[in-house]
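Student: Take this structure, written in structure tokens, and hold onto it; I'll ask about it next.
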Amino acid sequence: HRYVRPEDQEIVGLIASSFAYGHVKVIRGSLSFIFGRMGESPRAFVESFEPGEGEKLFGGFVHRFHSARDLAGLLFLARRMMEEAGSIGDYFMASYDPSARDITPSLTRFVGRLRDLDPFASRFFPSPASGSACKRLCMYLRWMVRPRDGVDLGLWEDVSPAQLVIQVDTHVHRLAGYLGLTRRRSADWKAALEVTAALRRFDPYDPVRYDFPLCHLGISEGCAGGKGERCLTCPIGQFCVTTQSLSSLGVPVP
């Protein structure tokens, strides 16, 4: 949202989602470091990006298990996608199946084509075929596809929000389990599909609209998971299996 042009936002979104793991302060620090060196137009920067020079420019960059070399590889991969299709969105559309129930086959083909383009892509782009929840890719798709609402950007208008799959991180998976939206013990692709299918019952046209409140109930509101007094006043307590367990033990629940 610091950038006005869609072509810049698309690039920034790819980078931001690719490093969206770990503590928020660390993520922000890493992204500030990256964008501070890319200039006013990330799109123009990537169009002329050379990996060797990039490694020097981003020297010293470390984001947990990713290094300056990984960042350079990601940016060069973005350049190759743009050279082949004109934009990352157009590159994705070559893999898109509008008739599919959800984004699974489209995302699988997209990742497969990326890995054919450069095996390095596996460093950043897991595939649903491997069982991965593909959290960061699902987050990127949400930003690009859902209509502009202050969080999402709505840049890829030809992809249906109804096909999106919720990004399942630790917080979403935990809350989804408490609410009975999934029985999966692992936060994998099957869990993401289960949660999305459950949410689709509330909004078949935009099931991932609920991932933001689910995630932040776990982070900002401090969900205690049946282990504290917060459960007794939790706004979703009447639907939560852990709170119901407290009630069955004689603990008064509103």
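The values are calculated or read from the model by the stated rules, or taken from the named source; none is laboratory data. Just so you know, these numbers come straight off a predicted model, no measurement behind them. Note: ideal-geometry Cβ built from the backbone for every residue, glycine included; neighbour counts use all protein chains shown. Side chains are part of the model used for accessible areas, which takes the heavy atoms of the whole protein and leaves out ligands, DNA and RNA. Shrake-Rupley method; radii C 1.70, N 1.55, O 1.52, S 1.80 Å.
Student: Could you list, in sequence order, the residues of the range 206-254 that are assigned to a helix (DSSP H, G or I) and modelled with pLDDT under 65? So that I can check it myself, show each step before the final result.
Tutor: Initially, the range 206-254 is screened for residues assigned to a helix (DSSP H, G or I), giving 207-219, 229-232, 237-239, 241-248.
Within the range 206-254, GLY218, THR243, GLN244, SER245, LEU246, SER247, SER248 qualify.
Student: Residue under question is GLY150, and the condition is that it be open to solvent by 20 Å² or more (accessible area, probe 1.4 Å), free of Cβ contacts under 8 Å to residues at least 12 places away in the same chain and either within 26 Å of VAL4 (Cα to Cα) or of a type in the set (S, T, N, Q) (or both); does it hold?
Tutor: yes
Student: ARG115: outside any loop (DSSP other than H, G, I, E, B) and open to solvent by 30 Å² or more (accessible area, probe 1.4 Å), yes or no?
Tutor: Details: outside any loop (DSSP other than H, G, I, E, B): yes; open to solvent by 30 Å² or more (accessible area, probe 1.4 Å): yes.
Yes, satisfied.
Student: While we're here: Output the residue which, of all residues in the range 54-69 that are aliphatic (A, V, I, L, M) and over 21 Å from MET82 (Cβ atoms), is least open to solvent (accessible area, probe 1.4 Å).
Tutor: If we filter the range 54-69 for residues that are aliphatic (A, V, I, L, M), which is where we start, we get 57, 62, 68.
Imposing the further condition that a residue be over 21 Å from MET82 (Cβ atoms) reduces the set to 62, 68.
Details: VAL62: 98, ALA68: 13 Å².
In this case the residue turns out to be ALA68.
Student: Kindly indicate the residue of the range 76-97 that is in a loop (DSSP other than H, G, I, E, B) and in contact with a helix residue (DSSP H, G or I) (Cβ under 8 Å, 6 or more places away or on another chain) and also surrounded by the fewest Cβ atoms within 10 Å (Cβ to Cβ) among those meeting that condition. Show your work before the answer.
Tutor: Residues of the range 76-97 in a loop (DSSP other than H, G, I, E, B): 86-87, 94-97.
Filter again for in contact with a helix residue (DSSP H, G or I) (Cβ under 8 Å, 6 or more places away or on another chain), leaving 87, 94-97.
Numbers: SER87: 18, ALA94: 13, SER95: 16, TYR96: 20, ASP97: 15.
My answer is ALA94.
Student: For the range 118-138, give me the residue count where each residue is surrounded by 19 or more Cβ atoms within 10 Å (Cβ to Cβ), within 18 Å of TYR21 (Cα to Cα) and not aromatic (Phe, Trp, Tyr).
Tutor: Residues meeting the conditions: 9.
Student: Give the residue that is farthest from LEU153 (Cα to Cα), with candidates limited to residues of the range 21-30 that are of a type in the set (A, V, I, L, M, F, W, C) and modelled with pLDDT of 95 or more.
Tutor: Taking the range 21-30 and keeping what is of a type in the set (A, V, I, L, M, F, W, C), we get 24, 26-27.
Within this subset, residues satisfying the condition of being modelled with pLDDT of 95 or more are 26-27.
On the way: VAL26: 24, ILE27: 20 Å.
Out of the qualifying residues, it is VAL26.
Student: For the range 132-179, enumerate the residues that are over 16 Å from the mean Cα position of the chain (by Cα) and within 13 Å of LEU214 (Cβ to Cβ).
Tutor: ARG174, LEU175, ALA176, GLY177, TYR178, LEU179 - these are the residues of the range 132-179 that are over 16 Å from the mean Cα position of the chain (by Cα) and within 13 Å of LEU214 (Cβ to Cβ).
Student: Taking the condition of being open to solvent by 10 Å² or more (accessible area, probe 1.4 Å), small (Gly, Ala, Ser) and part of a helix (DSSP H, G or I), how many residues in the range 187-200 meet it?
Tutor: Qualifying residue count, the range 187-200: 2.
Student: State yes or no: is ASP203 farther than 21 Å from ARG146 by Cβ, among the acidic types (Asp, Glu) and either at pLDDT 90 or above or open to solvent by 40 Å² or more (accessible area, probe 1.4 Å) (or both)?
Tutor: In short, no.
Student: What is the number of the single condition among (1) over 20 Å from ALA20 (Cβ atoms); (2) open to solvent by less than 30 Å² (accessible area, probe 1.4 Å); (3) assigned to a helix (DSSP H, G or I); (4) not hydroxyl-bearing (Ser, Thr, Tyr) that LEU141 does not meet?
Tutor: (1)
Student: Return only the number of the condition from (1) at positive phi; (2) touching a Leu at 6+ places or on another chain (Cβ under 9 Å) that VAL165 does not satisfy.
Tutor: Of (1) at positive phi; (2) touching a Leu at 6+ places or on another chain (Cβ under 9 Å), only one is false for VAL165: (1).
Student: If you don't mind, another one. Could you tell me whether any residue of the range 113-128 is over 20 Å from the mean Cα position of the chain (by Cα) and touching a residue at least 12 places away in the same chain (Cβ under 8 Å)?
Tutor: Checked the range 113-128: at least one residue is over 20 Å from the mean Cα position of the chain (by Cα) and touching a residue at least 12 places away in the same chain (Cβ under 8 Å).
Student: If a residue must be open to solvent by less than 50 Å² (accessible area, probe 1.4 Å) and not in a helix (DSSP H, G or I), how many such residues does the range 1-53 contain?
Tutor: Here the count works out to 9.
Student: All but one of (1) open to solvent by 20 Å² or more (accessible area, probe 1.4 Å); (2) touching a helix residue (DSSP H, G or I) at 6+ places or on another chain (Cβ under 8 Å); (3) over 23 Å from GLY131 (Cα atoms); (4) modelled with pLDDT of 90 or more hold for ARG184, so report the exception by its number.
Tutor: Single failed check for ARG184: (3).
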